[in-house]
1. Can you work out which of the residues in the stretch 260-277 that are more than 11 Å from ligand 2 (Cβ to nearest atom) and of a type outside the set (S, T, N, Q) is least open to solvent (accessible area, probe 1.4 Å)?
2. Might you let me know whether the stretch 345-366 holds any residue that is more than 18 Å from ALA462 (Cβ to Cβ), within 18 Å of the chain's Cα centre (by Cα) and away from ligand 2 (no atom under 15 Å from the Cβ)?
3. Six or more apart or on different chains, Cβ atoms under 6 Å: show the pairs whose first residue is in the stretch 253-264 and hydroxyl-bearing (Ser, Thr, Tyr) and whose second is near ligand 3 (Cβ under 10 Å from one of its atoms).
4. Which of the residues that make up the stretch 269-285 are near ligand 1 (Cβ under 10 Å from one of its atoms), within 21 Å of HIS217 (Cα to Cα) and part of a helix (DSSP H, G or I)?
5. For the stretch 121-139, state whether one or more residues are open to solvent by less than 30 Å² (accessible area, probe 1.4 Å), assigned to a strand (DSSP E or B) and touching a Leu at 6+ places or on another chain (Cβ under 9 Å).
6. Please specify each residue of the stretch 279-297 satisfying the condition of being within 14 Å of ligand 2 (Cβ to nearest atom) and of a type outside the set (D, E, K, R).
7. Exactly one condition in (1) open to solvent by less than 10 Å² (accessible area, probe 1.4 Å); (2) of a type in the set (Gly, Ala, Ser); (3) within 16 Å of ligand 3 (Cβ to nearest atom) is not met by ALA330; state its number.
8. Which is over 27 Å from ILE484 (Cβ atoms) and part of a helix (DSSP H, G or I), of GLU110, GLU147?
Amino acid sequence: MKTNIVSTATGKANVSALFFVKKSVQFSNVLSENAEKQVESVLNGMEDGPFEDLELLEIDGQSTLFVNAAKERGLSSLDHLRMAAFRLAKKACKRQIPVVSIMLADAAPEQFKSILLGLHYADYKFDAYKSKQKEAFQVTFELVAGEHTAEFKKIAEEVAVENKAIVLAKNLINTSSSDLTPAEFVENANTIAKYTPGLSIKVRNMKQLEKEGFMGHVTVGKGSSHEPYMITLSYDGSKSSKKAAKNARTSADHLVFVGKGLTFDTGGLCLKPPKSMPEMISDMSGAATVLAAIQAIATLELPIKVSAVCCLAENAIGNKSVLPGDIFTAKNGKTVMVDNTDAEGRLVLSDGLAEAGLIGATHIVDLATLTGAMVRALGYAVAGFFSNDDALALNVINCGEACCEKFWSMPLEEEYADALKDHFADLKNTGSDAGAIAAALFLQEFVPEDTAWTHWDIAGTAFVNKAWKYTEYGATGFGVQTLIELARRMSSVASEDAANKDTDGEYVAVEA
Ligand code: BES
Ligand code: ZN
Ligand code: ZN
């Protein structure tokens, strides 16, 4: 796929596409009188039959694709646009239409972004394991932007960066576990750090983890022939980026992402049933998502300090595997009894949270395919999240909404906290029947003091077993966009704060 953003139609298009919602054409006021009449009858035909939601028809001598952008239940209007653009791109590809023109002169920036993302989503395929790779037909989309051309070109550059990150996360998640061991993940992260200016990387192997007391990784990873690693990626946009210089931003915020990176989860000695096992190739989704997000944030040069911690291990069965009942001391000094070896994610995350504290996090977001309970509670369309900070929680909801990623706030219910207590150790890694809450309460025990924290349980949303919205079977890339948006909003709030200071660095009154 290729996209060209032009101010007026070049006349090279074989087909024009019109988006419509409820009998009204969007973004186009350039139809002739005759065409408008024809369009009206088509839209009527789509509402009452016989036309489908996507029709290629001749209007005013011009081949026109009619794209219904108001179909699916429960989606926001921006998500409808993504879906519509996705379907349009698939159809254009199938029909082998070389150039499609879309009139977007009247679109708002976020509508433009949604359409572009929908086109990008349609371009994704994961055929690395197919014996024959099919060459997809290359469609060029001519996006007619009128007076928004310069603005939309800039947005398109940002969308390309975000899409690259989404594709990176999906490719890592879809790759089989024997091909993406913790060491292979480290290789990928090293390459990304090498080619992303401003991004640095620190890698700890088994020996270093053990020496420094990151025993969650050691406990989970020691049963596998593939050793565990913890990666810390750092980007300081508060000092080095061009945008920071322009904004004179001096915020003390340090946003740290922590990702669960189980390259495979057999369940360990508490073995999983065979049916639910193949999907565990996606148990490193949290780590892939935080790696992808920080790559995009650094590339976009957002004026904020961000780090990403990837907690990598393989939960396997071997002669050194952790035994149920074993007790280890976590990095923050608390002792933990491993009640169930399948509740391994929270053990590696205890190290990731400790590392976030050591590097000075003010805000932590952890992402983890943590519990089957979350899959049963909210399914694949909504991620449950927890937070110890109301402002951060609100930010998560708002950023998610802007990115068409749904979040639902879950309680850190203290009444269930006692269930985590163990007879011998301070804690055990299982708790109350409310499994997703128990896991979040366990994590909370390892959150550094005075740190705003949110935990996203993406067990349901990271990977789908059937085509859904604009993703095929497999990884969805869920979370990448919301993390980028969170960094973007946190940095722009700080920039506004900086702008509201007078020359002595004091805040000046701002009129509402
Ligand atoms: N990786 C799984 C959670 C999971 C389940 C992710 C389904 C994606 C889809 C996690 O490590 C796990 O096995 N959790 C256990 C915890 C239990 C033993 C306390 C679970 O949820 O069953
Ligand atoms: Zn598990
Ligand atoms: Zn797991």
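The values are calculated or read from the model by the stated rules, or taken from the named source; none is laboratory data. Just so we're clear, the structure is a prediction, and the values are computed from it rather than from any experiment. Here the Cβ positions follow ideal geometry from the backbone for every residue, glycine too, while neighbour counts run over all protein chains shown. Each accessible area value is taken on the protein alone, full model and side chains, heavy atoms only, with ligands, DNA and RNA left out. Shrake-Rupley method; radii C 1.70, N 1.55, O 1.52, S 1.80 Å.
1. First pass over the stretch 260-277, keeping only residues more than 11 Å from ligand 2 (Cβ to nearest atom): 261, 263, 269, 273-275.
Among the residues that remain, those that are also of a type outside the set (S, T, N, Q) are: 261, 269, 273-275.
Details: GLY261: 0, LEU269: 80, PRO273: 81, PRO274: 108, LYS275: 195 Å².
For the stretch 260-277, the residue satisfying everything is GLY261.
2. From the stretch 345-366, those more than 18 Å from ALA462 (Cβ to Cβ) are 347, 350-351, 353-364; that's our starting set.
Narrowing the set further to residues that are within 18 Å of the chain's Cα centre (by Cα) leaves 363-364.
In the following step, the residues that additionally are away from ligand 2 (no atom under 15 Å from the Cβ) were identified as 363-364.
Looking through the stretch 345-366, at least one residue is more than 18 Å from ALA462 (Cβ to Cβ), within 18 Å of the chain's Cα centre (by Cα) and away from ligand 2 (no atom under 15 Å from the Cβ).
3. From residues that are hydroxyl-bearing (Ser, Thr, Tyr), the pairs are THR263/MET284.
4. Of everything in the stretch 269-285, those that are near ligand 1 (Cβ under 10 Å from one of its atoms), within 21 Å of HIS217 (Cα to Cα) and part of a helix (DSSP H, G or I) turn out to be MET280, SER282, SER285.
5. no
6. Initially, the stretch 279-297 is screened for residues within 14 Å of ligand 2 (Cβ to nearest atom), giving 279-286.
MET280, ILE281, SER282, MET284, SER285, GLY286 - these are the residues of the stretch 279-297 that are within 14 Å of ligand 2 (Cβ to nearest atom) and of a type outside the set (D, E, K, R).
7. Only one criterion is unmet by ALA330, namely (3).
8. Working: GLU110 fails: over 27 Å from ILE484 (Cβ atoms).
None of the others qualify; the one that does is GLU147.
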